[in-house]
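Taking it in order: structure first as structure tokens, then the write-up.
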Amino acid sequence: ADTMGISYICSSHFCCDIVYFFQACGICGGRCGAEWSRNVAETHRWGEAQWDGECLLSPQEQEDAWHARMLAEFQPTDDDLIDALSQL
């Protein structure tokens, strides 16, 4: 079955994997409104999801959005902070 870009890969009566075929822009997290599609051939080749798409923001906005996403996702551990402070 395919519903809204999601396919359920099933064996017998059990769903063992969910495959997404569309996602929001991978650079700005969807701010630009672009939708990326999964490149199935490259996904199989690399063994992890590969996406085709283009961010619709300007190059500077793309860079700013990417940095903001990376900062939001960064979760330093106590060891990371101690290491960073010891290098001051």
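All of the numbers you see were taken from the coordinates with simple rules; none came from a lab. Note that the structure is predicted; figures quoted are calculated from it, not measured.
Taken one residue at a time, the phi angles of region 43-48 give Karplus couplings (6.51, -1.76, 1.60, θ = phi - 60°) of 4, 5, 4, 8, x, 8 Hz. Gly and Pro are set to x. Listed values for region 76-82 are Karplus-derived 3J(HN,Hα) couplings in whole Hz (6.51 cos²θ - 1.76 cosθ + 1.60, θ = phi - 60°), namely x, 8, 4, 5, 4, 5, 4, and x replaces Gly and Pro. Were the residues from MET70 through LEU88 laid out at 0.36 nm apart, the gain over their Cα-Cα distance would be 4.2 nm.
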